[in-house]
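Notes follow the structure.
The values are calculated or read from the model by the stated rules, or taken from the named source; none is laboratory data. Fair warning: this is a prediction, and the values are worked out from it, not measured in the lab. Here the Cβ positions follow ideal geometry from the backbone for every residue, glycine too, while neighbour counts run over all protein chains shown.
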Amino acid sequence: MAGNNLSLGIDLGKNHLVLCLLQKTWRGIRLVDYQVKTWAEDFSVEDQLPFLSNFVAQYAVAKDKVFLAIPREKTVIRFLRLPLAAQENLRQVLEYEAPKYVPWEVEEICFDYQMLHRDGQGLSLVVLFSKKREVAHYLALLEKIGLKPHAIQISSVGALNLFLYHAGGNYKNNTVLLDLQGSMAEINFLKEGQWQENFLFTLPAEKKGEKIIQICQMGGVPETELGQTEFYVYGTGAETKSVSSWLDHPSLKYVTPPPRHKIKTRRGESLPPGIYGGVGVPLPGLIKTNYKLNLLAEEKKKKTRQMGKPLFISLVFLTILLTLSWIWGSYRKIQDELQFLRAEVNRKKPEVTAVENLKKEREKIVKDIAEFEKLSSLEARKIDILKELTQILPPTVWIWNLKAAGREIEISGFADSASDLIPLLDRSPLFEKVEFLAPVTKERDRRLGSDKEKERFKIRLYLEKKRL
């Protein structure tokens, strides 16, 4: 199973271990597998490492997708109000002020915070404190089986994120999340989807409902609003039948398990309320969650965040290398094809030269034939002209010069009456536009045996267009 869309949550309680493996699919978040292990007081978390190792060995989970929740008893939650001036160096301010909020020395403390609200009067934030040695202890345990968590939080933060994931922005005025773990109980108050307060307390042997109502009033929910407040109960203690009896109080009208329908299970079974907080622990590895509190030391958080940098650089380098390889391969392929084409051109060059020579020779022959046909046509046309002139002109007409250039014809000669020639030539179907080119002159006919005057003429005429 691919590990890039898997996220593992390890919820360590005082006497229980909840393992939840989530997967992000196109249909939403799916609970791939989960295991719950409880133990008696004389056992420790270290005794459960084989159980944890066997579960992890079944799945290829990415190292940056492991989330750890440590026991709530090992932490302290404070909701603080600070002046606006503290925002610029907020972490340094909290480090300096930490002994005011927890009974530990500064060098013992590790913490993380999240801004809840900012207005004109100041900053509202939630701070999660723990001891460095407690966090180091759990990190060392996980390192024994090769696990390095991406974040360390508490299961109540996971429950909040899971609840808000289901709410989808549809928030009620007052909401109470009640986590029952044996004799311990934890309450988280939300007002219009905003985290307001948190209480961890021991449940009394009797009058548990009254104790819960008392804590609610301490958290800012007056008794008059309890009837409109929704109570969502989860945890290993919520699976017992006695819960409904001691929560049967006139002021508590809406008591139900938290919504779980968005988490798909293997066979469609309902998500057990006992693992509700544990299911929310790995949720930040798959989606953007509302609350992100991480007790890892700053340098370890930076290291964790930077774990992906070498991989990212490697992927970028690999992408560039593959791109360059593809470009080089394409270039070599084009060069090979070009070389092949050049060789083909050189091989075909003599044939091309021979074809070009044949083409030139053909063009010369065609030109010679055209000239010959032109000459033949011209000679044939002159014969037709002479024949026509012989037929239409009187025998007394003597033509001593004839020129033909295109349609234009020029004839010179002698006739008894040159003016009679114009209508004769004009009536011919072969000629048109008949006219004298020069004035008619009279000359004596000097041919042998003749002493008669003749009129010398020079006439221009054109062949009919349809005759061409």
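Below is a table of values for the structure above.
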| quantity | calculated |
| --- | --- |
| Scope region 430-454; condition modelled with pLDDT of 85 or more and loosely packed, with under 10 Cβ neighbours inside 10 Å; matching residues | Pro439 |
| Residue pairs meeting the criteria (Cβ under 6 Å; at least 6 apart or on separate chains; first in the same structural domain as Glu197 (by TED's automatic domain parsing), in region 208-231; second assigned to a helix (DSSP H, G or I)) | Lys208/Trp246; Gly209/Trp246 |
| Test: residue in region 170-177 that is in contact (Cβ under 8 Å) with a residue 24 or more places away in the chain, touching a Phe, Trp or Tyr at 6+ places or on another chain (Cβ under 6 Å) and either over 16 Å from Leu49 (Cβ atoms) or not in a helix (DSSP H, G or I) (or both) | yes |
| Residue that is modelled with pLDDT of 90 or more, in contact with a strand residue (DSSP E or B) (Cβ under 6 Å, 6 or more places away or on another chain) and assigned to a helix (DSSP H, G or I), where the choices are Ser156, Ser124 | Ser156 |
| Residues (closer than 23 Å to Trp195 by Cβ and free of Cβ contacts under 8 Å to residues at least 60 places away in the same chain) located in region 93-117 | Val93, Leu94, Glu95, Glu97, Ala98, Lys100, Tyr101, Val102, Ile109, Met115 |
| Region 262-288, subset at pLDDT 85 or above and of a type in the set (Val, Ile, Thr), residue surrounded by the fewest Cβ atoms within 10 Å (Cβ to Cβ) | Ile287 |
| For Ala86: the one exception among (1) modelled with pLDDT under 90; (2) over 30 Å from Met218 (Cα atoms); (3) small (Gly, Ala, Ser) | (2) |
| Every pair of residues 6+ apart whose Cβ atoms lie under 6 Å, when the first sits in region 377-394 and is under 18 Å from Leu425 (Cβ atoms) while the second is modelled with pLDDT under 85 and surrounded by 13 or more Cβ atoms within 10 Å (Cβ to Cβ) | Lys382/Ala404 |
| Residues being in a helix (DSSP H, G or I) and touching a helix residue (DSSP H, G or I) at 6+ places or on another chain (Cβ under 8 Å) - total across region 204-219 | 5 |
| Residues that are under 40 Å from the mean Cα position of the chain (by Cα), of a type in the set (A, V, I, L, M, F, W, C) and under 24 Å from Leu203 (Cβ atoms), drawn from region 166-192 | Leu177, Leu190 |
| Residues of region 220-232 satisfying the condition of being outside any strand (DSSP E or B) and in contact with a strand residue (DSSP E or B) (Cβ under 9 Å, 6 or more places away or on another chain) | Gly220, Val221, Glu225, Leu226, Gly227, Gln228, Thr229 |
| Residue match in region 136-149 (condition: among the aliphatic types (A, V, I, L, M), within 25 Å of Thr289 (Cα to Cα) and in a helix (DSSP H, G or I)) | yes |
| Test result for Ala370, loosely packed, with under 10 Cβ neighbours inside 10 Å, at negative phi and at pLDDT below 85 | no |
| Residues satisfying the stated conditions in region 119-144, i.e. of a type in the set (D, E, K, R) and within 14 Å of Lys74 (Cα to Cα) | Lys131, Lys132, Arg133, Glu134 |
| Criterion: in contact (Cβ under 8 Å) with a residue 24 or more places away in the chain and touching an Asp or Glu at 6+ places or on another chain (Cβ under 6 Å) - qualifying residue of Ala86, Ala62, Ala69 | Ala69 |
| Which listed residue is out of contact with any helix residue (DSSP H, G or I) (no Cβ under 7 Å at 6 or more places or on another chain) and not acidic (Asp, Glu), from Val36, Val56 | Val56 |
